[in-house]
Amino acid sequence: MYDKILLAVDLNEESSWAKALPTAVTLCRTFGASLHVVTVLPDYHMPLVGSYFPRDFAKKAHEAISQAQHRFIDEHVPDDIKVQSVIVDGSPWEAIVKSAKKLEVDLIVMASHNKRKFADYVLGPNAEHVVHHTKMSVMIVR
């Protein structure tokens, strides 16, 4: 049923993966699917935004998030799961949709954010946008 599963994670928010990761791992094991862990880095290349950061900030941020994601995978994804680390730039929901298309995944797994913190307010609508803007199946884990 599924060959490739995309798991969207925010490495700074455990709630973005604490329940979604075990679900994605179970699905990978059940269907023999590969797991594609996607983390979105804000787009620092926009002229208005980029002018406030040092010239090599985006490169350093990308390297740091890549290292953090590899640590995350090493610590949390079981060895029997075929996994790919994916770092993308842009708005979260658009980057997730574009990554899913590019990777040709069968399923996107995301957490639903229910808390009322500011970060969750900003991230909460992303799941809704992904559901409405992709033709792939999306599983929202609560």
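The values are calculated or read from the model by the stated rules, or taken from the named source; none is laboratory data. Computed from a predicted structure; not experimentally measured. Neighbour counts are summed over all protein chains in view; Cβ atoms, including those assigned to glycine, are modelled from backbone coordinates with ideal geometry. The protein model used for the area step is the full one, side chains on, heavy atoms only, and it has no ligands, DNA or RNA in it. Shrake-Rupley method; radii C 1.70, N 1.55, O 1.52, S 1.80 Å.
Residues that are touching a residue at least 40 places away in the same chain (Cβ under 8 Å), open to solvent by 40 Å² or more (accessible area, probe 1.4 Å) and outside any loop (DSSP other than H, G, I, E, B) within segment 1-14 comprise just one, Lys4. Tallying residues that are of a type in the set (A, V, I, L, M), in contact with a His (Cβ under 8 Å, 6 or more places away or on another chain) and either at pLDDT 95 or above or open to solvent by 100 Å² or more (accessible area, probe 1.4 Å) (or both) within segment 88-118 yields 2. For segment 46-86, filtering for residues that are open to solvent by less than 40 Å² (accessible area, probe 1.4 Å), at pLDDT 95 or above and of a type in the set (A, V, I, L, M) leaves 5. What do you reckon, is Asp43 surrounded by fewer than 16 Cβ atoms within 10 Å (Cβ to Cβ), at pLDDT 90 or above, not in a helix (DSSP H, G or I) and not small (Gly, Ala, Ser)? In short, no.
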